[in-house]
Every structure is written in structure tokens, then in C-alpha cells.
1. Using θ = phi - 60° and the Karplus relation 6.51 cos²θ - 1.76 cosθ + 1.60, list the HN-Hα couplings for the range A:10-26 in order, rounded to whole Hz, with x at every Gly or Pro.
2. Report the gain in length on full extension from B:K285 to B:K322: 0.36 nm times residue separation, minus Cα-Cα distance, nm rounded to one decimal.
3. Order by neighbour count: B:K119, B:K322, fewest other Cβ atoms within 10 Å first, most last.
4. Each label point is 7 Å from the Cα along the Cα-to-Cβ direction; what then is the distance between the points at A:T112 and B:A52, in nm?
5. Averaged over its residues, how many other protein chain Cβ atoms are within 10 Å of peptide A:160-167's Cβ atoms?
6. Going 7 Å from the Cα of A:I166 along its beta-carbon direction, which residues of the range B:166-204 have the amide nitrogen within less than 12 Å of the resulting point?
7. How do B:D93, B:D193 line up, fewest other C-beta atoms within 10 Å first?
8. Among B:L54, B:Y136, B:M146, flag the residue with its Cα farthest along the positive direction of the charge dipole of the range B:16-316, charges on Cβ as +1 for Lys/Arg and -1 for Asp/Glu.
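Readers should treat all values here as calculations from the given coordinates under stated rules, not as data from a laboratory. In this text the structure is predicted, and so the values were computed from the model without any measurement. When we count neighbours, we look across all protein chains shown, and the Cβ atoms used for this are built from the backbone with ideal geometry, even at glycine.
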Amino acid sequence: MNPVIRGTVFFLCLLPFAYLVFALVSGAAGPDPAEFIMHVTGEWGARCLLLSLLISPLRKWTGWGALLKLRRMLGLYAFFYACVHLASFAHFYVGWTLSIVVEELLERPYITLGFAGWFLMLPLALTSNRSMQRRLGKNWQRLHRLVYLVAVFAFCHILWQVRSDIGEALLYLTLFGWMLIWRYIRYRKSV
Amino acid sequence: MHKRFNVPTIASSEITPESVYLDRRSFMRAGAGAALAVSGMKAVAGKGTGGASLDYREARKSDDAFFTDEDLTPAQDVSSYCNFYEFGTGKTDPASYAHEMSVDPWSIEVIGEVGKPGKLHLEDVMSGFDLEERIYRLRCVEAWSMVVPWVGFPLSQLLARFEPTSKAKYVEFRTLHDPGQMRGTRSFTSIIDWPYREGLRMDEAMNPLTLMAVGLYGKTLPNQNGAPVRLVVPWKYGFKSIKSIVQVRLTETRPATSWETLAPREYGFYANVNPQVDHPRWSQKQERRLPSTVFRPNRIPTQPFNGYGEQVAGLYSGMDLKKHF
């Protein structure tokens, strides 16, 4: 793939983070940075994840095979935003206190889900490079199917915390559902 | 000097409506006196979004709950970080879009179980009551909090003018609902049944802490903070402090409130600040006192009744607050 395109996508995905840092330094993040950071990182983590899942259907549609080369970057960005999201939760909401972490994880299912989603991304991120891909062979693809579970967890995590307007959560779930149906139809055809 | 109030000692839901009824005359006298006393007062109500000067009695350091010397949350933060879902669910949406609401002319309709139902025009609100400053803690159900210097008058004075009947056991409030001016209510995916509704038990409404606010930081309210007139109930979660009120209805039965209707497991009718009862989705044991920063998150323990227990705990004696959350 053209390095200019890859570079552009890299910087586009980094923009929300740059905005985050700028807003925190300049004060534009407002009086409650906890809410601000959680919101921005949660939103962009979900969007990168969704985009990474939409790469395959888009590739088929456009016939542009090189799109596949963007998938790993999008997946790693999703993981990156999930890490900042989790760190910010640990910092602002539980003050890095283990006992509160345990209580939150056990008592609040949507936090359990979100954490499980992050945890399942961990092996995917660690095995995302080419040498791991080679070493794992066929198992690599099997392992990376975990991303569907990650997506289910992530989007339910979002839907679960909606207070009164379900618009955005609905959009993610619709696109994700559509992607699943598309894959299922392709799978049926291939069998 | 500040007028001190008595902490209710034997208040309970059963006897209060009657006592309120019996107290009616003294409230009426107080209300009438206030109306005469402030005839010289000049209050300017702006079309748009607050900032007009008000004449009021400043809060002074005292032992009562009308004042706190905790650090104030800066005015800029109070007016930029808001929940007012009529203008969108984002924290900065109200500050961005609330100017689309016109707050003058404005009137509040007082109906239901009252001897003299009627309308109170904004001019009557601004000039008809002695305005005073109250520095209150505001605890949002989302686990953040502020300290805000409000300007307003006790709700009890307003209610007294309309002569609640013996059947008046609850007060229901409604926010303006005008999709043309409130873009949040035009969202197709919003699951709130507008208009926004809130309610109090009569004894809660008559408590001296319960304030009808028309200003903050000495100026009229910015639209996003609930202009031109809003409720402030400092011992309850912020969503009880309904904004931009157009209707007050006194009822015999408990009114259905917006959040309670939407998610009864998560938001109760009482919604008293209570660190012992967590929201199902997050802890209420602590709060972020705003402004908070990355290096100083400012997490502090949440107090029962938001620190106003001495004044209001008696209202709920004998009630299981884990059940009636």
C-alpha cells in the first residue's frame, strides 16, 4: 500500500488523542477531565474497532485489496484507546485502589464487560506482528476471531451505559450486525 | 443577619400535609410581607442567557446550612458543564444550544390542589420575592459535585401564595417543552418522555433549604443552568433540581417523575444523596468535586444527604432509605 495513505490513516487515528492532550493542557477539556477522557477514548476506541471489522466487506466492495493492510493499524488503535480508557478509569474512578477495582468488576456488569473486552484484546495486540502471525500459522486466524467477542462486549458496554439517548449505540450495533450478516452470507456461500 | 430555621424534629410523611395546611396562614403573611418589602427592588431579566445583575442579600458566614466555606466551583465551570438533556446529552451541549431558548416572556402556572390557582409572570417572580444568596453543594447522580452560590427564594414562599389545600401532599414540576427551541427533544433516539417532570413531597417542598433559584454568582441564570427559574434541592441528586420551570402542580398522589419512570431501578423518587446506596451502574461512595484535574482528581467521600442531614434527616425518620432511594 502507498505509504502516504498509511501515514495519513495513522495520523487521522491519532488526531483524537492529540485533541485529548491539547484539550487537557489548554483547559478546553473542562472542569471534569475524567468524564471527558472516558468519553473521547471510549468513543474512538469503539470507532476504530468497528472500522477494523468493516475492512473486509469494504475490500470486497471496492475491490481494493490493499485495504487489508490498514486493519492491523485500526485494531491496534482500538486497543490503544481502550488502554487509555482503562487507565483513566483506574485513575479517576478508583484511584488505583485494588479493593475498589475488585468491587467495581464484580458488582457492575457493564464494567465487567468493558474490562473483559480489553482483556481479550490483549493477546490480539501481542500477536499482531508478522513474526507472531507466521509462528502461529493457522491458529493465528482462530485466535483473532476473538475480535467478534471483543466487539460484542464493547458495544454492549456502550449500550448498557446509555442514559436516555440510544442513537450512537444503535448506529454501532447496526453496522456491526450488518457486518455479521454479510460474513454469514459469505460463509454460507463458501460452504 | 441571617434568619435561622428550626430543624424539623418530628416530621414524617403522614403528619406533614396537615401541618403544612395549618401553617398556611403564617406562610401567607410572610409572603405578603415579602411582596411589600421588595417593591423598590430592581431585577433585570435578560432575553438571553443570564448575566444581568440582581439585588439580593449576600450569604454570610454562619453555622446554618445556607452557607458553606468550601471552595466555590468557578462560574465558568458551573455554566459550561451541565446536564440539561433538552439541549442534548453531552455535557457541553446545553452551553452550546441553550441560547436557542427564549426565557422572556415567561410564566409559571401553579395549579392542582391550591385555593388560588394562577399564573406567576417572570416579573412577579423577580420582583415579588426577597432574593437571597445560598451557597450549596450540588451532587450529581453521576458522581461529580460542585459548590454553587445561588440567588433565589424559598419555594415555600411561592407555594404559600397559591394557598395549598389540605389535599396537597406532593408538588410536581415541569420544564418547558418546546422542540422548536430545544434541539435535544427533537432527537428520534431519545427515550425520555418530554416534558421533563420532577416532584417533591410537600414537607420536602416546604423545607427552608428548598430554593427557587433565579441566579448564580449574583447574576441571572444562564439558560443552560435553568433560566429563568429553577429548583435547587441541595440534599438530593441534581436531577431533582428541575430547570426552566413552567408548571407547578400540587397533587394528592405521588407524581410520576421523568427519571423514575425511565429507569425505576436506577433513579428513585426520593433520590436523596446516599453513599450507602450505589447506582446499579456506578458507586455513590465518592464524588469528584469540580474542578478536577488529571493531577488532582479531587475525589472526596460523599456525605449522607449531601451534608444536610442535620436539616433534613428527620423528614425520613422511620423510612428504609435503601428501599426508598
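1. 4, 6, 4, 5, 7, 3, x, 5, 4, 4, 4, 5, 4, 5, 5, 6, 7
2. Stretched fully, the B:K285-B:K322 segment lengthens by 11.9 nm.
3. Ordered by Cβ neighbours within 10 Å, fewest first: B:K322, B:K119.
4. Label-label distance for A:T112 and B:A52, simple model: 5.5 nm.
5. Other-chain Cβ atoms within 10 Å of each residue's Cβ, averaged: 6.
6. Output list for this probe position: B:189-192.
7. The order, fewest Cβ neighbours first, is B:D193, B:D93.
8. B:M146
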